[in-house]
Amino acid sequence: MQPQAQSQETYRLCQLAPVIPVIVIGDAARAEGLARALVAGGLPVLEVTLRTEGALEAISRMARIEGGYVGAGTVLTPDDARRAKDAGARFAVAPGLTETLAQACAEIELPLLPGAVTASEIMRAAEMGYDMLKFFPAETSGGAGALKALSGPLPKMRFCPTGGVTPQNAPGYLSLPNVVCVGGSWLAPESALASEDWAGIEERARAASALRG
């Protein structure tokens, strides 16, 4: 799967809801309950970051949930990509982009949503065939104002801003023509996971699914 085809698939997934939950989960036993709550709340595309020992098992369990599309975040190396694909990930998200990671994802046919923030990084990604990118870290890299400015010289590039996005500032991002969706970590806070507050998480998801207006 070449980068252009990868971007077509990640663009399709990003269009399914205005917010992709960015999930850090340590206890994989809670993964299915969490996924069900988020999908029921209208957020079918889920990103599980590879920052905990239980992340791959969580991806495997979430992949069983009907109506959900689970991917792996913080994918840094070809080995990360392969392990994520083996666990059942439908896509990968990276904070940046390297040729080795791009090649690995192409070889195993795992759609990649790579990160970029500067004009040079975005142009490099475009040269490699990617036109759907993660804008990360969003808030500390200029936020919605930066993305608005980038839309002028780079009108064909599309973004999922992540990093510092909140329910309060998300509408500003989502109003931009080059923003397809945002990534948010507020939907499954550690306290809600620990108490298995699935109803509360579903309520947050429902509110997030309506952010586009």
message: Return the residues of the stretch 30-58 that are more than 27 Å from residue 212 (Cα to Cα) and either without any contact (Cβ under 8 Å) to a residue 40 or more places away in the chain or among the small types (Gly, Ala, Ser) (or both); say none if nothing qualifies.
response: 50, 51, 52, 53, 54, 55, 56, 57, 58
query: Out of all the residues in the stretch 40-83, which are outside any loop (DSSP other than H, G, I, E, B), among the charged types (D, E, K, R) and within 24 Å of residue 99 (Cα to Cα)?
result: 47, 79, 80, 82, 83
query: When the stretch 1-39 is examined, which residues are found to be closer than 24 Å to residue 157 by Cα, aliphatic (A, V, I, L, M), outside any helix (DSSP H, G or I) and within 17 Å of the chain's Cα centre (by Cα)?
result: 16, 17, 19, 20, 22
message: Looking at 116, 102, can you tell me which residue is without any contact (Cβ under 8 Å) to a residue 24 or more places away in the chain and closer than 25 Å to residue 151 by Cα?
response: 116
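Rule-based calculations on the coordinates, nothing more; no lab input. Just so we're clear, the structure is a prediction, and the values are computed from it rather than from any experiment. When we count neighbours, we look across all protein chains shown, and the Cβ atoms used for this are built from the backbone with ideal geometry, even at glycine.
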